[in-house]
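The numbers here are math on the coordinates, done by the rules we state, and not lab data. All figures in this text were calculated on a predicted structure; none of them were measured in a lab. Every residue, glycine among them, receives a Cβ derived from its backbone with ideal geometry; neighbour counts consider all protein chains shown.
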């Protein structure tokens with residue numbers, strides 16, 4: 001019976017419904033009962049049940065189960081009924097046991113899953129990843145799912161977060177990953193030059209495009225764009241890589257950092273300095289406004305980007321130094337006194353509490369192990385971040401069936417936000433793991449200080465873990481007790497994620513709020529990457545392992561007295577040495593197409609034409625129009641696109657009917673784009689010519 005304190009089996013025999021209990025959880029259980037050191041117990045169940053909870057099992061077990069002790073050795077006291085109740089409650093939710101990974105040894109389970117997760121990431125990277133057929137070298141597939149949902153694209157954000165994880169692993173000695181990182185660098189240099197519905201490189205606007213096809217070409221379909229976190233996250237990943245290269249002391253590595261990495265980083269930093277104060281879509285691609293996550297990672301990128309530029313001898317960092325304080329000042333406006341409101345300056349009619357995983361992911365994305373527990377930077381150990389974390393966790397305690405009968409100190413499944421309805425609004429692996437990672441990050445800082453300071457703001461968080469916690473600075477035994485309670489709490493969230501992980505270790509995007517089965521996109525790269533970063537954070541919290549290097553937050557942690565809404569126009573240049581096509585990224589003109597076209601509800605207008613910017617006449621790649629200014633007096637559909645200057649293009653409009661069919665204009669149109677001049681824009685006014693759609697009965 002190996003190292004199990006108690007070994008439980010179900011009959012009929014099912015290896016996936018076998019649970020190994022260590023002895024430790026059953027120490028101290030009082031009352032009459034049999035005494036076991038090693039026990040093997042057979043539970044025969046008569047029928048499946050949809051919900052078994054510890055509080056209702058006592059009167060139910062006799063009719064549902066027969067229990068027989070097969071073998072035992074007397075040593076410790078344990079109620080047999082408690083064992084059965086624990087097993088049944090853990091095993092049955094909608095008659096689906098999710099015990100593919102044993103919970104008796106969490107560190108071992110984490111190491112096992114970490115191996116699977118890292119390989120899961122590599123499987124999703126082109127060109128050789130087993131789940132990335134046809135993907136270009138360095139293109140990181142979000143998920144191999146091609147339908148329900150189709151995530152077979154590369155997202156700037158997901159790819160950057162994943163590559164940052166790979167770079168951190170490289171720093172810790174996994175040199176096999178360097179070729180993947182170099183492939184990523186080349187792929188991003190190319191993507192920076194790809195004109196897209198968000199814009200082009202010459203204006204910088206194209207850097208805010210969220211996703212591309214895996215052959216590194218533009219995606220013209222309707223989407224929540226632009227998304228302004230991508231360039232900042234990509235810059236942070238590559239800045240970390242450049243610092244790794246400089247630290248080797250090798251001249252070739254130093255040249256790679258300055259000649260290849262920096263030009264890509266510089267474009268992204270210029271984008272942040274120019275567009276940080278513009279609204280865009282959040283990381284969930286649903287809300288247009290100002291995102292806490294985007295704002296925080298933009299601040300980090302400019303601070304560490306300026307430092308890297310100076311170390312490389314680059315004299316073009318003034319814009320970063322001037323804008324970083326303004327971003328940090330703006331970041332404070334998301335705090336409402338109790339928690340962080342994830343999105344502000346949102347579109348009319350938007351209504352949510354603002355409690356969102358966005359904010360937890362922010363704390364771990366901007367974690368600096370050398371930073372104090374700064375409220376201004378929302379560091380993981382800060383009072384604000386802990387108060388926010390409790391509000392976030394508590395918002396999920398009662399809304400998911402799988403979270404029923406948990407206590408304030410229990411780990412629970414968490415999702416994006418409580419109001420979520422996407423695929424039924426389920427918990428996500430990456431958000432559940434993010435809770436644990438924030439706490440592990442906080443523990444690193446507390447360990448460094450040998451002290452935990454509790455304020456009135458984060459006292460409720462601490463009292464949920466330790467009811468005797470009080471406001472004040474705590475060291476010695478009290479510090480150890482509080483820290484260990486926090487570690488235990490973080491472990492409980494990891495255990496929750498593992499509990500609902502299939503025995504294969506595969507991580508989808510979500511798991512069911514009802515029974516924990518995997519839902520939505522399979523083998524999600526971001527899920528895998530989040531497990532690896534969580535594991536690193538835990539190692540750093542419990543050993544001498546250094547999870548991530550400091551990003552120099554100490555040079556950018558002062559909040560100005562007055563916030564200034566400003567920006568600095570940037571200059572954008574193809575990073576040819578890194579892999580951008582020579583001659584790419586030429587001058588463009590911002591053209592707005594306005595067409596009057598009366599439509600019925602469910603019918604949309606698209607723009608198609610010659611050249612990749614207009615979809616090469618392919619209706620599936622046509623640009624979708626905006627009807628935001630549509631009215632009965634003027635049925636206006638608009639398109640804004642950057643087109644190559646001094647060029648001539650053919651175009652026409654088409655209607656996409658509610659049944660998916662197309663109706664085309666009867667005449668083709670021609671546009672002569674003016675030669676390039678600074679600030680050039682153009683507007684085209686048209687009216688639909690051709691057949692009109694008929695609304696369905």
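Rounded, prolate or oblate: which fits the stretch 296-352, taking a ≥ b ≥ c as square roots of the Cα gyration tensor eigenvalues, rounded meaning a/c under 1.5, else prolate when a/b beats b/c? Prolate. For the pair residue 401 and residue 419 in one chain, pulling the backbone fully straight at 0.36 nm per residue adds 5.0 nm over the alpha carbon distance. Between residue 352 and residue 332, the simple spin-label model (points 7 angstrom out along Cα→Cβ) gives 2.6 nm. Measuring between their Cα centroids, the stretch 619-669 and the stretch 574-605 lie 12 Å from each other. Averaging Cα coordinates gives a centre for the stretch 403-459 and one for the stretch 490-515; these two points are 15 Å apart. Pull out a ≥ b ≥ c, the square roots of the eigenvalues of the alpha-carbon gyration tensor of the stretch 345-416, then state rounded if a/c is under 1.5, prolate if not and a/b is larger than b/c, and oblate in the remaining case. It is oblate, given that a/c is not under 1.5 and a/b is not larger than b/c.
Using only alpha carbons, the stretch 587-687 has a radius of gyration to Kirkwood radius ratio (Rg to Rh) of 0.97. Rounded if a/c is under 1.5, else prolate if a/b is larger than b/c, else oblate: which is the stretch 107-556, with a ≥ b ≥ c the root eigenvalues of its Cα gyration tensor? Rounded, since a/c falls under 1.5. Measuring between their Cα centroids, the stretch 171-188 and the stretch 231-267 lie 12 Å from each other.
Computing FRET efficiency as 1/(1 + (r/R0)^6) for residue 577 and residue 485, where r is the C-beta to C-beta distance and R0 is 30 Å, gives about 0.05. With both labels modelled 7 Å from their Cα along Cα-to-Cβ, the residue 592 to residue 544 distance reads 6.3 nm. When each of the peptides 592-602, 259-269 is scored by how many other beta carbons lie within 10 Å of its residues on average, the order from highest to lowest is 259-269, 592-602.
As a rough footprinting exposure proxy, the listed residues 172, 299, 474 were ranked by other beta carbons within 10 Å of their own, and the order from fewest upward is 172, 474, 299. Taking every C-alpha pair closer than 8 Å and separated by at least 6 residues, the mean separation divided by the residue count of the stretch 428-568 gives a relative contact order of 29 percent.
Ranked by how many other Cβ atoms sit within 10 Å of their own Cβ, fewest first, the residues 465, 302 fall in the order 465, 302. Which residues in the stretch 589-609 place their backbone N less than 12 Å from a point set 7 Å from the Cα of residue 629 along the Cα-to-Cβ direction? Residues 592-596 fall inside that zone. Where Rh is the Kirkwood radius over the Cα pairs of the stretch 419-578, the temperature 25 °C and the viscosity 0.890 mPa s, what D in µm²/s does Stokes-Einstein return? In µm²/s, the coefficient rounds to 130.
Extension gain, residue 147 to residue 448: 0.36 nm times the residue separation minus the Cα-Cα distance gives 103.7 nm.
Counting beta carbons within 10 Å around each of 509, 370 and listing the fewest first gives the order 370, 509.
Model label sites at residue 563 and residue 456, defined 7 Å from Cα along the beta-carbon direction, differ in position by 2.5 nm.
For the pair residue 477 and residue 667, the difference between a 0.36 nm per residue extended length and the Cα-Cα distance amounts to 60.3 nm.
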